[in-house]
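Bear in mind that the values in this text are calculations on the coordinates, not laboratory data. Bear in mind the structure is a predicted one, so any value in this text is a computation, not a measurement. FYI the Cβ positions are ideal-geometry reconstructions off the backbone, even for glycines, and counts take in every protein chain you see.
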Amino acid sequence: MFNELTELLKNAYAPYSNFKVASIIEMKDGTLFKGVNVENASYGATICAERNAINNAIANGYHKGDFKSLYIVNSSEKIAFPCFICRQTISEFMEENDIVFLYNINGVEEKIKVKNIISNPFTSENL
Ligand SMILES: [Zn+2]
């Protein structure tokens, strides 16, 4: 998966931060959806790679409960965790024992369960 991620990383649009991110979401049926970060001169219009990938799955007809694993690479030598807006999206669609795989540009991997990056999430149960 790391090679696919680094190939995808070339599509990231990050002229402002130069911090490129690529993400692939794997569905339970094996289908993969891709996302990259897409920045904007109006910074608030930027979307992260993780949300891009997850939203792509939804746009293609998948539902909550169909998600399996999330893979993320960034263009730096450090492992980077999803931002908190992405964590909110992850908590909406993934289950607590699903795995998030994080890579730096050199392929160093860190695995973490969804429940360990999102403690006390705001969910539909709160509404
Ligand atoms: Zn994010």
- Item | Estimated [θ] at 222 nm from DSSP helical runs (n ≥ 4, -39500 (n - 2.57)) normalised by residues in the chain, nearest 500 | -7000 deg cm²/dmol
- the chain - convex hull of alpha carbons, volume per residue in Å³: 108 Å³
- Item | Phi-based couplings in Hz for the stretch 26-37 (Karplus 6.51, -1.76, 1.60; Gly and Pro marked x) | 9, 8, 4, 8, x, 5, 10, 10, 10, x, 10, 6
- Task: Work out the FRET efficiency for A45 and N3 from their Cβ-Cβ distance, taking R0 = 35 Å, and round it to the nearest 0.05.
- Result: 0.70
- Item | Separation in nanometres of the label points that stand 7 Å from Cα toward Cβ, at F19 and I79 | 1.7 nm
- Estimated distance in nm for a label pair at L127 and N106, the labels positioned 7 Å out from Cα along Cα-to-Cβ: 4.5 nm
- In nm, to one decimal, how far is the H63 label point from the S119 one, both placed 7 Å along Cα→Cβ? 3.3 nm
